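The values are calculated or read from the model by the stated rules, or taken from the named source; none is laboratory data. From a predicted model like this one, the values you see are computed outputs, not experimental measurements. All Cβ positions, even for glycine, are placed from backbone atoms using ideal geometry, and neighbour counts span all protein chains on display.
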Amino acid sequence: MKIARLSYDKSETYGFVNGDKVATKDEITYHTGVPIPLSIKDFLFDGWYDEIKDKIEDLNYSQKLANFKLLTPIPNPNKIICLAFNYTDHAEEQGLQAPEDPVIVLKPRSALNSTDSEIECPEFVTKLDYEIELAIIIGKNCKNISQEQANEVIFGYMVFNDVSARDIQFKDKQFTRGKGFDTFAPCGPWITTKDEIKNPQDLRLTTKINGEIRQNSSTKNMFIKIPEIVSKISRGIILEKGDIISTGTPAGVMLNNPNAIFLKNGDQVEMEIEGLGILRNSIKTVRSQDRSFCIK
């Protein structure tokens, strides 16, 4: 099932996506007789989705998806965890050996962004880069789990763009600031439940910039595979319902590319992962004074 968080006429809801149609929360309640909650996180992770799963076939998808704005699938995750150098082809293009343990970066949830929205590049950033990644949505709280248990705690998957300001990254000599700016975590367009993905380690990933293919790889090229990622991270960090783990990017980014063409104002970014949908964003350069406010 594809589950989306939606906006229509300034009100928020969620629903199931089927092609170009959607069944909203209210329609799901009407057809199933189950009064599902207002919060998408409560619906996904507190047993409500499981309660109606056997009734989904009877749903009527009566509304057009195009009438809604797609929002970030998870509005307020406790953690956004991103892996670095976890694809063999990406590590090789950087002249590195893929690490045996996850090298992680934490993004703030204020970086979250949705499909068909602008990635806001601060005017002082000169080397803006993209990274297509397969993101895992954690469905159960867990700690110190085995690789064999990992699939039990995964709810689903989505497309994730680990946007990176390389000049800031090089200047700081670490990742957090350069990857943590507002809007630097576009994701979506929806969550695809794990039962729809037969093998998450065999999915095609592509990134297009203004229609030009820049990344074209497969999740086969992950060095640390998904069960091991989840297990190893859980050894040191409690994973909570709604946490996002983004599993690394393949070759084709501009980092250390001698012929680098970094993102600029007006560029169109399109990322697709097989079976998960397409994430589309545009680049907008913004001045600090245009985004200045202080709430008393």
Quick check on the range 160-196: of everything there that is touching a Ser or Thr at 6+ places or on another chain (Cβ under 8 Å) and aromatic (F, W, Y), which residue is modelled with the lowest pLDDT? F175
If you scan the range 130-177, which residues turn out to be among the small types (G, A, S) and either in contact with a Gly (Cβ under 6 Å, 6 or more places away or on another chain) or within 24 Å of I209 (Cβ to Cβ) (or both)? A135, S164, A165
Any idea which of C82, C121 is assigned to a strand (DSSP E or B) and either among the β-branched types (V, I, T) or under 22 Å from L205 (Cα atoms) (or both)? C82
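Just give me the residues in the range 16-45 being out of contact with any strand residue (DSSP E or B) (no Cβ under 6 Å at 6 or more places or on another chain) and aliphatic (A, V, I, L, M), in sequence order.
In the first step, residues of the range 16-45 are kept if they are out of contact with any strand residue (DSSP E or B) (no Cβ under 6 Å at 6 or more places or on another chain); the result is 18-21, 26-39, 41-45.
Correct list: I28, V34, I36, L38, L44.
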Output for the range 44-79, where each listed residue is assigned to a loop (DSSP other than H, G, I, E, B), surrounded by 15 or more Cβ atoms within 10 Å (Cβ to Cβ) and without any contact (Cβ under 8 Å) to a residue 60 or more places away in the chain: L59, Y61
Residue list for the range 17-42, restricted to those being free of Cβ contacts under 8 Å to residues at least 40 places away in the same chain, touching a Pro at 6+ places or on another chain (Cβ under 8 Å) and not aliphatic (A, V, I, L, M): T29
Take the residues in the range 124-168 that are surrounded by fewer than 24 Cβ atoms within 10 Å (Cβ to Cβ) and among the aromatic types (F, W, Y), then tell me which one is farthest from L279 (Cα to Cα). F124
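Could you tell me whether K41 is more than 30 Å from I229 (Cα to Cα) and assigned to a helix (DSSP H, G or I)?
Values: more than 30 Å from I229 (Cα to Cα): no; assigned to a helix (DSSP H, G or I): yes.
Judged against the criteria, K41 is not a match.
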Yes/no for Y14 being in contact (Cβ under 8 Å) with a residue 60 or more places away in the chain, within 30 Å of I283 (Cα to Cα) and crowded, with 18+ Cβ neighbours inside 10 Å: no
Does P186 satisfy the condition of being in the same structural domain as I137 (by TED's automatic domain parsing), touching a Leu at 6+ places or on another chain (Cβ under 7 Å), surrounded by 17 or more Cβ atoms within 10 Å (Cβ to Cβ) and of a type outside the set (D, E)? yes
Could you please let me know if E270 is charged (D, E, K, R), in the same structural domain as G188 (by TED's automatic domain parsing), under 27 Å from S110 (Cβ atoms) and outside any loop (DSSP other than H, G, I, E, B)? yes
Among what's in the range 85-123 and is buried (at least 21 other Cβ atoms within 10 Å of the Cβ) and more than 13 Å from the chain's Cα centre (by Cα), pick the residue that is farthest from K140 (Cα to Cα). C121
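Select, from I224, I273, the only residue that is buried (at least 20 other Cβ atoms within 10 Å of the Cβ) and closer than 19 Å to Q149 by Cα. Don't jump to the end; show me each part of the working.
On the way: I273 fails: closer than 19 Å to Q149 by Cα.
Criteria check complete, one pass: I224.
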